[in-house]
Structures are given as structure tokens and as C-alpha cells.
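S.K.: Right, I'll just put the structure down here and ask away after.
The values are calculated or read from the model by the stated rules, or taken from the named source; none is laboratory data. Because the structure is a prediction, the values reported are computed rather than measured. Neighbour counts run over all protein chains shown; Cβ positions are idealised from the backbone, glycine included. Please note that ligands, DNA and RNA were not included when accessible areas were found on the heavy atoms of the full protein model with its side chains. Shrake-Rupley method; radii C 1.70, N 1.55, O 1.52, S 1.80 Å.
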Amino acid sequence: ASQMTGFALAAAILFFRLATRSVRAAGLAAATMLAAAAWLRPDPLQPVAEVEGIFALCLGVSPLLALAAGAALVLASLAPLSARRPDLPTVEGAALALAGYFAGVAVSPVFGSFPVPLVGLGMSFPVGYWLGIGLLCAAARSGNFE
């Protein structure tokens with residue numbers, strides 16, 4: 001549900017910015033329905049403290065550590081905005097969508113037992129995060145996605 005929320009938010013941003021009115025409405029409806037369906041599906045896995053409960057563990061060690069981890073997560077989620085290119089709509093849209101995806105995934109653990117990206121245990125999210133940032137920066141420098 002967390003990943004689908006981030007994906008739906010990114011898709012909604014792209015549909016809103018780059019699509020025609022009729023495609024925009026259909027795309028937003030589809031993204032919303034897919035996110036709702038993901039939230040309604042029960043998760044068969046039990047939460048792991050080092051993944052889904054990392055902020056509680058940080059808070060137990062030091063409130064300052066939890067605050068620093070939260071601030072780092074917010075700043076990392078907004079980092080794609082530094083690659084915005086208002087002169088290039090596709091790069092601009094990609095930067096906003098990537099930031100929207102990261103923000104959606106970062107906020108989801110507030111509403112359920114979801115992995116906390118970049119703070120919780122696991123390498124898949126940091127690897128994907130840096131690949132996305134790298135591709136976005138390459139596109140912003142070259143001016144296209146080709």
C-alpha cells in the first residue's frame with residue numbers, strides 16, 4: 001500500500017501536468033482506485049522493528065536521533081526538486097513526480113506498518129532512490145529523457 005500510494009501520487013502529478021483533460025481525469029481516477037485497492041488488501045507479513053518501527057527505536061535511543069532521522073527523510077524526499085527545469089516540462093514533471101513518490105512512501109508509515117524508506121533496514125529503497133536521482137539529474141543536464 002505504501003509503494004502504491006507513492007506510485008499513485010507520482011502518476012497523479014504526471015497526469016495533472018502533462019496530460020490532456022480527458023486523459024488527466026481517467027489517469028487520476030485509475031491512480032486513486034489502485035491506491036485504494038492496495039490499502040484495502042491485508043498485509044500477511046508481521047512488522048519488523050528495524051524496518052517499520054525504526055522511528056520508535058530511534059526515539060528509544062535518543063529523541064534527537066529520531067528528529068535527525070525524520071529531518072533527513074524529509075530533506076531526501078524533497079531532493080528531486082533541486083533538479084527541476086521549468087524550461088523543460090518533462091524534466092520538471094519528472095522532478096515533481098519523483099519527489100511526490102518519495103513523499104508518499106515516506107509519509108505512509110504514519111498511517112500503518114510500512115517500511116520507512118532510507119531510515120529503516122534494507123537496501124532496495126536507497127538503491128532505487130539514488131538510481132532515480134541519478135537518472136533525473138542526467139535528464140536535467142541533457143535536457144531530455146532519451
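S.K.: Which number comes out as Rg/Rh for segment 25-146 once both Rg and the Kirkwood Rh are worked out on C-alpha atoms? Each step should come with its number before you reach the end.
M.R.: Values: Rg = 16.5 Å, Rh = 16.1 Å.
Checking Rg against Rh, the ratio lands at 1.02.
S.K.: Per residue, how large is the accessible surface of the chain? Use a 1.4 angstrom probe and give square angstrom.
M.R.: 60 Å²
S.K.: Helix 21-40 sits at what angle to the longest principal axis of the chain, using alpha carbons and giving 0 to 90 degrees rounded to 10?
M.R.: 20 degrees
S.K.: Using only Cα atoms, tell me the angle between helix 89-107 and the longest principal axis of the chain; keep it within 0 to 90° and round to the nearest 10.
M.R.: Helix 89-107 and the main axis of the chain meet at about 20 degrees.
S.K.: Here's something else I'd like to know. Does segment 1-67 classify as rounded, prolate or oblate by the C-alpha gyration tensor (a ≥ b ≥ c root eigenvalues; a/c under 1.5 gives rounded; else a/b over b/c gives prolate, otherwise oblate)?
M.R.: Cα axes put segment 1-67 in the oblate bin.
S.K.: What number, rounded to the nearest 500 deg cm²/dmol, is the helix-based mean residue ellipticity at 222 nm of the chain, given -39500 (n - 2.57) per DSSP H run of at least four residues and division by all its residues? Numbers along the way, then the final one.
M.R.: Numbers: 6 runs with 99 residues, N = 146.
Result for the chain: -22500 deg cm²/dmol, rounded to the nearest 500.
S.K.: Let me ask something else. Whenever you get a sec, compute what percent of the accessible area on the chain sits on carbon and sulfur atoms (1.4 Å probe).
M.R.: That share works out to 73 percent.
S.K.: Can you give me the C-alpha center-to-center distance between segment 21-53 and segment 83-146, rounded to a whole angstrom?
M.R.: Value for the Cα centre distance between the two parts: 17 Å.
S.K.: Could you compute the FRET efficiency for Arg41 and Phe111, with r as their C-beta to C-beta distance and R0 at 25 Å, rounded to 0.05?
M.R.: On the way: r = 15 Å, r/R0 = 0.58.
So, using R0 = 25 Å, E works out to roughly 0.95.
S.K.: For the chain, take the longest principal axis of its alpha carbons; what is the angle in degrees between that and the long axis of helix 124-142, to the nearest 10 within 0 to 90?
M.R.: Roughly 30 degrees between the two axes.
S.K.: Taking springs between alpha-carbon atoms closer than 10 angstrom, which of Arg17, Arg41, Arg84 fluctuates most in the Gaussian network model of the chain?
M.R.: Arg41
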